[in-house]
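Enquirer: Attaching a single structure in structure tokens format; questions to follow.
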Amino acid sequence: MTGTPRFLVSRNFALLWVAQATSSFGEFVLGATVTVWLVLDLANGDPLLPTYIAAVVIAASAPRLLVAPFAGVWVDRWQAKRTMIGADVMRAALVAPVIVVAAITPGKELMIGSLLGLLVGISVLSQFFNPARAALMQVVIPASRRVDASSKSMFAGLGVAAIAAALGPTLFALYGAIPALTITMLSFLVSALVITQTRKLAAIPISDPEITSFWSRFRRGLATAWRVHSVRLVIIGVGLYGVSLGINNAVLALFALETLHLSAAQYGIVAAAFSVGGLIGAVLATPLLSRVGSERLFPAAIVLLGLSYFGYALTRNFWPASALMLLLGVIFAIYVVAQGPILQAATPPGFMGRITAVSVPILGLSSTLATVITSQLLAWASLRASAAGVTLDPQAYAVAIAVGAAVLCVGGAAMAVGSRRRLRESRP
């Protein structure tokens, strides 16, 4: 075996790793561009800007709640490689008409509507792409390489995010939105091409071939997800993180651009710092998880995320904000990398699509509810302030971030206590 396959586990893993990175790159460029486009152009000065930001977040996250639970059942029956290729090609096809709309410089309403439709469509197709990739990863990664492979997958995802988070706003500032949209479309096509090069993939077993009823398979997936302790640990942790994520989705851009008064370029650097930190965390995760254990480090990472977000809410300058985002990226990478080995070891063969389709909707539900509540409270406060002839106090965004941080700290601490108690009870 050559050095490259040893480093990237296997040829098939390497190709899936590249496909993941390329596909994620397109999504990150699109997300970063849409946010800046709204804040600086389409909805600049509009008191409903928090609602528009929330609409973008919900357009991307709602399919995780509404589509993912059902997509996982189908993915466990379908050929995973074909599912991934088809999802990539269709995602690329969705971007093309939006490029045309942007080129004709339409009104604000049409452009925002087109972007929301694009985000919904891409997110729906991602609910098929992601569990299919997870199912393939389970069969191509040896048990002894799960932590290492999870770390490398995280490295790929956040590596491209570091570039995309800075590239999207920069391209928008220099050339407008069309170059970023074009890059997004090409990224999906390249991902599909890379996946076609995988060869001799091991067959993914169908765990319950005797069950043909969709709803029976759906219920069995839910029962398995909750019955297995390690999977349940991940699901609870994902739900806690989703609350903080939903709040931050609604306010982080506003906190950076209005509370900290960052320029578009500075905002891009702060956003990229999170991804750079993720790269560092992905490298550190392998030795940490090997020494401490995934199930022990997972709740600890949640608590550390909460403490770091508290610090971020208190900062008021560009450089401290960048440093804290770097730290948050390191901790977030460890939090995510820990999930992979836990799920791959605990998930029965043939259930990965459905298990993934349980954790994803939990994240979608908690984050969507948090986004809706946060954005509507901010919009209500903004409208009241506007009626009184003043603007919304930008410190409100910091308070919202701190609330999400408190949820992480309290919930993560409770998880850690519960895990320790279970370990003590299991000892002879």
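The values are calculated or read from the model by the stated rules, or taken from the named source; none is laboratory data. Quick caveat, the model's predicted, so the values are computed rather than measured. Because the Cβ atoms are built from the backbone with ideal geometry, glycine has one as well, and the counts that use them run over all protein chains shown. In case anyone asks, the SASA skips ligands and DNA or RNA and just uses the protein heavy atoms, side chains included. Shrake-Rupley method; radii C 1.70, N 1.55, O 1.52, S 1.80 Å.
Enquirer: At 0.36 nm per residue, minus the direct Cα-Cα distance, what do Val89 and Ala381 gain on full extension? Give it in nm, one decimal, please.
Expert: Result for the pair: 100.9 nm of gain on full extension.
Enquirer: Oh, and also: What full-extension length gain, to one decimal in nm, is calculated for Lys108 and Ser263 as 0.36 nm per residue of separation minus the Cα-Cα distance?
Expert: 53.5 nm
Enquirer: Still on this structure: Using a 1.4 Å probe on the protein heavy atoms only, what accessible surface does Met352 show? Give it in Å² to the nearest 10.
Expert: We get 10 Å² for Met352.
Enquirer: Note down the magnitude of the dipole of the chain about its Cα centre, charges +1 on Lys and Arg C-beta and -1 on Asp and Glu C-beta and zero elsewhere, to the nearest 20 debye.
Expert: I would put it at about 1700 debye.
Enquirer: Roll a 1.4 angstrom probe over the protein heavy atoms and tell me the percent of accessible area of the chain that is carbon or sulfur.
Expert: 69 percent
Enquirer: Still on this structure, I have one more. Sticking with the crude label model, points 7 Å out along Cα→Cβ, report the distance from Ile163 to Ile178 in nm, one decimal please.
Expert: With each label placed 7 Å out from Cα toward Cβ, I get 2.4 nm.
Enquirer: So for segment 323-380, what are the equivalent ellipsoid semi-axes in whole Å, largest first, each being the square root of 5 times an eigenvalue of the Cα gyration tensor?
Expert: 29, 20, 5
Enquirer: Still on this structure, I have one more. Please name whichever of Gly113, Phe70, Val95 sits farthest to the positive end of the charge dipole of segment 48-116, dipole taken about the Cα centre and charges placed at Cβ: Lys and Arg +1, Asp and Glu -1.
Expert: Going by the Cα projections, it comes out as Phe70.
Enquirer: What list of ³J(HN,Hα) values in whole Hz, one per residue of segment 319-327 in order, does the Karplus curve 6.51 cos²θ - 1.76 cosθ + 1.60 (θ = phi - 60°) give from phi, with Gly and Pro shown as x?
Expert: 5, x, 4, 5, 5, 5, 5, 4, 4
Enquirer: Normalised radius of gyration for segment 54-189, please: alpha carbon Rg relative to 2.2 N^0.38 Å, two decimal places.
Expert: This ratio for segment 54-189 stands at 1.18.
Enquirer: Find which of Thr51, Ala80, Thr315 sits farthest along the positive direction of the dipole of the chain, computed with +1 on the beta-carbon of Lys and Arg, -1 on that of Asp and Glu, about the Cα centre.
Expert: Ala80
Enquirer: Suppose we take every Cα in segment 287-428 and form the convex hull; what volume per residue is that in Å³?
Expert: About 133 Å³ per residue, rounded to a whole number.
Enquirer: For the chain, report the accessible area per residue in Å² (1.4 Å probe, heavy atoms, rounded to an integer).
Expert: Counting only protein heavy atoms, the per-residue value for the chain is 42 Å².
Enquirer: Here is a further query. Convex hull over the alpha-carbon atoms of segment 286-361: what's its volume per residue in Å³?
Expert: With only Cα atoms used, segment 286-361 gives 103 Å³ per residue.
Enquirer: Any number yet on Rg/Rh for the chain, C-alpha, Kirkwood?
Expert: Details: Rg = 21.1 Å, Rh = 22.0 Å.
Checking Rg against Rh, the ratio lands at 0.96.
Enquirer: Which lysines, if any, have their Cα less than 22 Å from the Cα of Lys81, not counting same-chain residues under 8 positions apart?
Expert: Of all the lysines, those that pass the test against Lys81 - Cα under 22 Å, at least 8 places apart if same chain - are Lys152, Lys200.
Enquirer: Next question. Given labels modelled 7 Å from the Cα in the Cβ direction, how far is it in nm from Arg232 to Asp46?
Expert: Each label point is offset 7 Å from its Cα along the Cβ direction, giving 4.5 nm.
Enquirer: Rank Leu40, Leu116, Leu369 by mean-square fluctuation in a GNM of the chain with C-alpha springs under 10 angstrom and give only the top-ranked residue.
Expert: Per the Cα network of the chain with a 10 Å cutoff, Leu40 tops the list.
Enquirer: Placing +1 at every Lys and Arg Cβ and -1 at every Asp and Glu Cβ, with all other atoms neutral, what dipole size does segment 282-428 have around its Cα centre, in debye to the nearest 20? Each step should come with its number before you reach the end.
Expert: Working: 10 positive and 3 negative charges, 97 e Å.
Dipole about the Cα centre, nearest 20: 460 debye.
Enquirer: Taking R0 as 60 Å, what FRET efficiency do you get between Ala223 and Val390 from their Cβ-Cβ distance, rounded to the nearest 0.05?
Expert: Details: r = 53 Å, r/R0 = 0.89.
The value I calculate is 0.65.
Enquirer: Would you please calculate the Kirkwood hydrodynamic radius of segment 62-138 over all C-alpha pairs and express it in Å, rounded to one decimal?
Expert: Here the Kirkwood hydrodynamic radius works out to 13.4 Å.
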